[in-house]
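Structure first, commentary second.
What follows draws every value from the coordinates through simple rules; no lab data is involved. These numbers were taken from a predicted model, which means no experiment stands behind them. Neighbour counts run over all protein chains shown; Cβ positions are idealised from the backbone, glycine included.
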2 protein chains.
Amino acid sequence: MATPPQTARSERTRAALRKAATVRFLAQGVEGTSAEEIAADAGVTLRTFYRHFTSKHDLLFADYDSGLQWFRKALSERPAGEGVVASVQAAIFAFPYDVDAVTQIANLRIDALDPSRIVHHMRQVQSDFAHALLDHLHRLHPEGDELGLTVAARSLTAAVFAAMEVWLRAPERSLPELARLSREALDVLEPTFRHY
Amino acid sequence: MATPPQTARSERTRAALRKAATVRFLAQGVEGTSAEEIAADAGVTLRTFYRHFTSKHDLLFADYDSGLQWFRKALSERPAGEGVVASVQAAIFAFPYDVDAVTQIANLRIDALDPSRIVHHMRQVQSDFAHALLDHLHRLHPEGDELGLTVAARSLTAAVFAAMEVWLRAPERSLPELARLSREALDVLEPTFRHY
DNA sequence: CGAAGTTTCGTCACTATTGACGAAACGCGG
DNA sequence: CCGCGTTTCGTCAATAGTGACGAAACTTCG
């Protein structure tokens, strides 16, 4: 498994792997790069590569965790008393659409990636997002009934990702447009979960 | 890829692989069975195995497609004018919880399976379910706005799977209980999507 | 500094999946 | 029944991903 780095040494190895991967990916595409090449460039064995990243594609989304953490934190810092929907909308709007992140994704030419990999990753993100939201709801309503909270967390998440789905098909794919769609999607559920 | 069988011959091979897999899986567990053993038992090569099933775990859920088709059909046969929520609830209630299917899953001792495989599969099912529902909504409202319909389809799907999630954690894991939870979860969204 | 404990690596051996290519089996018209 | 186009297979060769085990590197403590 991808053991979370412990010592300085592994941190160095990890960095080397990341750098090597980025270079190769950009130069010859993701699918055109073998895990072995990356490992070799980084001066380690293939086996070691897999000690740091669960998969080759893991490298692509290696930074995504920080985004999730940011989201969790943003939610927890929302003023008490604010409804969940408003909190989620606020968090989404405040999200630091880091230029690096966006550029990087763009540079990697998503189309060149095996679509199924992206789909897979998106589902993972969606699942994590739902969990984060459920945790948030649990915090707000320690006594809330499980089914209700779960439905709320998952429905709201579904709305956000529905917005994303529509956005991906839309002609104008700008960040503001995505934000607008997200807000609109969440507005639909606002009355339903107003009480949370 | 798993080419959909064309001729009688491939149908035979497919059946042989299925049978061999079932025997092995039941006897030594899924993870304890290699794709090669299955292929050998069926009298074919490993490569041929992969011509019929995209993966070893595919065999486990090979029948699931028929369930999805059933659901799509059930939705399309609901009386015009009935709300989506009611339609979905009706479809879920009418679902032929085939004893074979349930028993099979039970026999395979889900716990013995690598959980991530099941999670992966569940996400796929959820995605397909959402698409089926979106198609249904498109049929009912050819002119409906995309975002609204997508949010509805995904939210309702989320509710159903939220019920499943709660059910999986609950002490009583009976079919009627799952149905009850599903109905209750969908009831939450009923007012929101009553107009569809 | 040096021994003991911990973490990271390399090596070996396997299973899972997939692309390419040619041979064998099948199904149909003559 | 035979020839021919189609489909299914087998063989070969790679890459992806993992478990087990022992050696090397790093830390901590005396």
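Could you compute how fast segment A:8-60 diffuses translationally, taking Rh as the Kirkwood radius over C-alpha pairs and applying Stokes-Einstein at 10 °C with viscosity 1.306 mPa s? Give it in µm² per second.
This corresponds to a translational diffusion coefficient of 150 µm²/s.
Along segment A:117-131, what does the Karplus equation 6.51 cos²θ - 1.76 cosθ + 1.60 (θ = phi - 60°) give for ³J(HN,Hα), rounded to whole Hz, x for Gly and Pro?
With coefficients 6.51, -1.76 and 1.60, one gets 5, 5, 4, 4, 5, 4, 5, 5, 4, 4, 4, 5, 4, 4, 5 Hz.
Which order results if A:Thr192, A:Thr54, A:Thr157 are arranged by neighbouring Cβ count within 10 Å, fewest first?
A:Thr54, A:Thr192, A:Thr157
Going 7 Å from Cα along the Cα-Cβ axis for the label, what nanometre distances separate B:Ala86 from the same residue across the other copies?
Spelled out, the distances from B:Ala86's label point are 3.5 nm.
Within 10 Å, at most 11 other Cβ atoms, and a DSSP state outside H, G, I, E, B define an exposed site. Report the longest part of chain B free of exposed trypsin sites (Lys or Arg not before Pro).
In chain B, the maximal stretch lacking such sites is B:1-172.
Before anything else, pin down the relative contact order of segment A:8-60: Cα pairs under 8 Å, at least 6 apart, normalised by residue count, whole percent.
For segment A:8-60, the relative contact order is 35 percent.
Equivalent ellipsoid semi-axes for the protein assembly as shown, as square roots of 5 times the alpha carbon gyration tensor eigenvalues: give them largest first, rounded to whole Å.
So the three semi-axes of the protein assembly as shown are 34, 32, 21 Å.
Using DSSP to define loop residues, name the GluC sites (Glu not before Pro) in segment A:135-195 whose beta-carbon has at most 14 other beta-carbon atoms within 10 Å.
A:Glu143, A:Glu172
Once you keep just the Cα pairs under 8 angstrom separated by 6 or more residues, what percentage relative contact order results for chain B?
Normalised by residue count, the contact order of chain B is 21 percent.
Are there GluC sites (Glu not before Pro) in segment B:11-51 that DSSP marks as loop and that have at most 16 other Cβ atoms within 10 Å, and which are they?
Passing sites in segment B:11-51 are B:Glu31.
When the Cα centres of segment A:14-45 and segment A:158-196 are compared, how far apart do they sit, in Å?
Here the answer is 36 Å between Cα centres.
To the nearest whole number, what is the average tally of beta carbon atoms from other chains within 10 Å of the beta carbons of peptide A:156-167? Please list the in-between numbers first.
Values: counts 2, 4, 14, 7, 2, 5, 14, 4, 1, 8, 7, 1.
Taking the mean over all residues of the peptide, I get 6.
Could you list, bin by bin from short to long, the percent of Cα-Cα pairs of chain A in 10 Å steps?
Percent of Cα pairs in each bin: 8, 30, 30, 21, 10, 1.
Peptide A:141-152: average number of partner chain Cβ atoms within 10 Å per residue?
5
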